[in-house]
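Reviewing the structure listed below.
The values are calculated or read from the model by the stated rules, or taken from the named source; none is laboratory data. These figures come from a predicted structure and were not determined experimentally. Because the Cβ atoms are built from the backbone with ideal geometry, glycine has one as well, and the counts that use them run over all protein chains shown. Each accessible area value is taken on the protein alone, full model and side chains, heavy atoms only, with ligands, DNA and RNA left out. Shrake-Rupley method; radii C 1.70, N 1.55, O 1.52, S 1.80 Å.
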Amino acid sequence: MKEFDYSSWSLDTILVHSSKLTTVTNKSGKPAVDPISMSTTYLHDNAEVLDQAFSGISPSGETTYVYARQGNPNAQMLEKVLATIERGSGAIVFSSGMAAIHAAFLASGLAPASKILAAQDLYGPTIGMLRTIFVPMGVEVVFHDLCSPDVNEIIKEEQPDVIYVETVSNPLTKVIDLDEISACAKEVGAVSIVDSTFTTPYLVKPIEHGFDIVIHSATKYLGGHGDSTAGVVISARNNITEQLRGYATLLGAMLSPFDSFLITRGLKTLALRMERQCNNALEIAHFLQTHKAVERVHYPGLSSHPQHELASRLLLNHRYGGLLAFELKKQNREAAFRFMDKLRLCLPATTLGDVYSEVSYPPISSHRNLTQSERQKFGITDGCIRLSVGIEDVNDILSDLDQALQS
Ligand SMILES: *Cc1c(COP(=O)(O)O)cnc(C)c1O
């Protein structure tokens, strides 16, 4: 079947009509929603055709499947949608965000004596992976504050082979200057990788800002319903995509057909969800800013945020994301626990990006493995609460936060 080109449509339209990309044909009618192909193997007419099918493409240019770990229709359709909306040359889906990050590091060409320059406030398990897996392999890893105005000098001084950042930091929502970092990376010949989980292509498309590789934990906003663990790597260049495909197959970290289906389904409402989550988050940030039990609010949409101007320049749709953090006036664990236990609507949950609002307390979750003084160094106090804003009616979220803060 001829491949459908929908790249001229806007993000919202592409997402809703992603099933047009299906390669499934059926003489008794083409399904409007792709079926889930759970088969682990694919049969072909004869040994000659099977031999050809191993190459992944038939003589007439159609995609061929042989064994599900090497590729299956559900994963492949999701990969096409993600590559298109991120403006990449290709995408590979993985069984988790961590598996995606691991493959991205491998595909960036890391070898013993390579150097990774990473942002100091990365997602905790990413730091864990660098220290536990890559450092023992002989890779040098250096951490810096890459939101610093001296980022240019830092990169020139360090001369890294790979630069690794996150678009918006957890939990303090610091925003990274993607244009400046990708330009410096090119100057020193480093591969640039960004984890864009918090922003999604609704808010920023890092490849358009010069990045080589974009990662998402699709478990979060892309899936959006808290029912599937998945990751994706989108690459600006074909050769990196080919390498990633090889790693996904060899490491066995492919996304299953069922999870590919769930993420594809979640994506259809990504734009609607993000719109509501960002609008709710801005309103909540304003509310918390004037609340007597709250010391400080971290949200890029507030003019008081140190990178508000950068965020306004970088982020699309005049919106600033669905995540915010705030500090209770009482900067201690007891007050934070009391607040969390009083909540009735917002869920105390160690995840983010779902349709429902979720709070987490970084000292016991994402930043649990740091000492109190290390957390202090990053500006994460004992009164810090992270809120992932859901799609509920904002007034219900505000009342819930208010009654819990009153205590
Ligand atoms: C959750 C998360 C990850 C890891 O993703 P998993 O799907 O849990 O493996 C990586 N980066 C960020 C920013 C995350 O929030």
Across (1) more than 16 Å from residue 222 (Cα to Cα); (2) open to solvent by less than 10 Å² (accessible area, probe 1.4 Å); (3) not aromatic (Phe, Trp, Tyr), residue 75 clears everything bar (1)
Complete set of residues in the range 203-252 that are away from the ligand (no atom under 14 Å from the Cβ), among the charged types (D, E, K, R) and at pLDDT 95 or above
205, 208, 212
Filtered residues of the range 245-281 (kept if of a type in the set (D, E, K, R) and open to solvent by less than 30 Å² (accessible area, probe 1.4 Å)):
273
Subset of the range 114-144 [away from the ligand (no atom under 15 Å from the Cβ) and either open to solvent by less than 10 Å² (accessible area, probe 1.4 Å) or within 14 Å of residue 178 (Cα to Cα) (or both)]:
116, 117, 134, 139
Residues in the range 33-47 that are exposed (fewer than 13 other Cβ atoms within 10 Å of the Cβ) and assigned to a loop (DSSP other than H, G, I, E, B) total 6
Please state which one of 106, 50 is touching a His at 6+ places or on another chain (Cβ under 8 Å), part of a helix (DSSP H, G or I), open to solvent by 30 Å² or more (accessible area, probe 1.4 Å) and farther than 16 Å from residue 257 by Cα.
50
